[in-house]
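What follows is calculated from the coordinates using simple rules that are stated; it is not laboratory data. Keep in mind that what you see is a predicted model, and the values were worked out from it rather than measured. FYI the Cβ positions are ideal-geometry reconstructions off the backbone, even for glycines, and counts take in every protein chain you see.
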Amino acid sequence: SYHREIALRFDLYGPPTENALDFARVVRYGELGVDHRKEINAKFKGVTVNSRYIQVDCRLLLRRALNKCHMSYVGFVETDRNNYLCVFSTADLTATERTIEELLNIGIGR
């Protein structure tokens, strides 16, 4: 299935350019914590200890997108073990629109 092919390709070839994908890494099922294993078991069939998955650091992706918009103050408030609230403010309407566009470009809100 496609999720194995993506993880395998990433594992074999790595990121396309240096540090371009340092927000993601391939992890094996056996390396995951109990909570993440439960999530994987609920979503995928035929999981083994050596099954590979791509783990993404969403906070880093958000921070990079906001950095492109020249946000100096960005905060993340932990709402529970796996979720965060991203807090930032913009100087004006143009900055707000640029920020929303950048967040949409990385898939936030779609």
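Here the simple spin-label model places points 7 Å from the Cα toward Cβ, and for R64 and N105 these points are separated by 1.2 nm.
When the trypsin sites (Lys or Arg not before Pro) in the stretch 58-99 are filtered for DSSP coil states and for at most 10 other beta-carbon atoms within 10 Å of their beta-carbon, the remaining sites are R81. Among the chymotrypsin sites (Phe, Trp or Tyr not before Pro) in the stretch 18-110, those placed in a DSSP loop whose Cβ has at most 10 other Cβ atoms within 10 Å are Y73. The stretch 46-61 and the stretch 62-110 have Cα centres spaced 23 Å apart. The simple spin-label model puts a point 7 Å past each Cα toward its Cβ; for T90 and D57 those points are separated by 2.6 nm.
For the stretch 27-110, dividing the convex hull volume of the Cα atoms by the residue count gives 115 Å³ per residue.
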